[in-house]
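A short worksheet on the structure shown next.
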Amino acid sequence: MPTIAAILLAAGRSSRMDTPKALLPWDATNSLILHQTTSIVSAGFDPVVVVAGHDYAPITNELSNSNVTVVINHEYDKGRSSSIVKGLNALNHNIDGILIISVDQPSTQKILTTLLNEWIQTSALIATPSFNGESGHPILFHSSLIADLLSITEEKQGLREVVAKHRHSRIFVPINDPLVLININTPDDYQSALKMYTSKNL
């Protein structure tokens, strides 16, 4: 089996939520970030790096018993790209691929396993889940793109630049779960996403 790492981004201010998104209750026993890390590890990604930033102490404490590495991006206000680079620099680059996932884009072990297995069976540089023909998240990158990923900036549109550059070596993996399209930014987003997740996972 190839070695596929994961970078979970959880460094933002959660300003529109007005409470840390990572610590929102998600299922019966877990916060959103514990749900995410458990799903990622269970799907076979290893190592897993969580990038925290704003008000990082509660997140670090929440993950104290998890099999993940937490790194702190003190420059989180420079945007998501700075957290991705921070996560990449925390990895041993003797890996075959990297999953990049945000804490506010809830996923499941099934989604992640499906994405991973489809990517392993292809020679694609990039794999993206899709639902009803619409591109979703998270995104899985081949390790040959690490140099490109390390060069991203907000000014160059972050991951979009890398995806556009290698669009002809990208696959879309159809997944029958609308969660792959969800971003949680507001309390209404959270309630809608939680209802969607609960209806499919009871």
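What the table shows:
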item: Index of the failed condition, LYS21 passing every other in (1) open to solvent by less than 20 Å² (accessible area, probe 1.4 Å); (2) closer than 24 Å to THR108 by Cβ; (3) under 16 Å from the mean Cα position of the chain (by Cα); result: (1)
item: Residues of region 153-192 classified as over 16 Å from the mean Cα position of the chain (by Cα), under 17 Å from LEU23 (Cα atoms) and buried (at least 17 other Cβ atoms within 10 Å of the Cβ), total; result: 1
item: Whichever residue in region 41-62 is touching a Lys or Arg at 6+ places or on another chain (Cβ under 9 Å) and assigned to a strand (DSSP E or B) and, among such residues, is most open to solvent (accessible area, probe 1.4 Å); result: ASP55
item: Count - residues of region 86-118 that are among the hydrophobic types (A, V, I, L, M, F, W, C) and open to solvent by 30 Å² or more (accessible area, probe 1.4 Å); result: 1
item: Residues of region 119-131 satisfying the condition of being open to solvent by 20 Å² or more (accessible area, probe 1.4 Å) and modelled with pLDDT of 95 or more; result: LEU125, PHE131
item: Filter result (closer than 15 Å to ALA6 by Cα and either among the basic types (Lys, Arg) or assigned to a loop (DSSP other than H, G, I, E, B) (or both)) within region 105-124; result: GLN105, PRO106, SER107, THR108
item: Region 16-66: number of residues that are among the hydroxyl-bearing types (Ser, Thr, Tyr) and under 20 Å from ASP188 (Cα atoms); result: 2
item: Residue in region 85-94 that is within 16 Å of the chain's Cα centre (by Cα), of a type in the set (Lys, Arg) and farther than 22 Å from TYR190 by Cβ present; result: yes
item: Residue that is farthest from the chain's Cα centre (by Cα), among those in region 63-77 that are among the aliphatic types (A, V, I, L, M) and either in a loop (DSSP other than H, G, I, E, B) or at pLDDT below 95 (or both); result: LEU63
item: Single match in ARG13, ARG80 (criterion: more than 23 Å from LYS195 (Cβ to Cβ), of a type outside the set (Ser, Thr, Tyr), within 13 Å of the chain's Cα centre (by Cα) and open to solvent by 30 Å² or more (accessible area, probe 1.4 Å)); result: ARG80
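The values are calculated or read from the model by the stated rules, or taken from the named source; none is laboratory data. The structure presented is a predicted model; accordingly, all values stated were derived computationally and were not measured. Positions of Cβ are generated from backbone atoms using ideal geometry, with glycine treated the same way; all protein chains shown enter the neighbour counts. The protein model used for the area step is the full one, side chains on, heavy atoms only, and it has no ligands, DNA or RNA in it. Shrake-Rupley method; radii C 1.70, N 1.55, O 1.52, S 1.80 Å.
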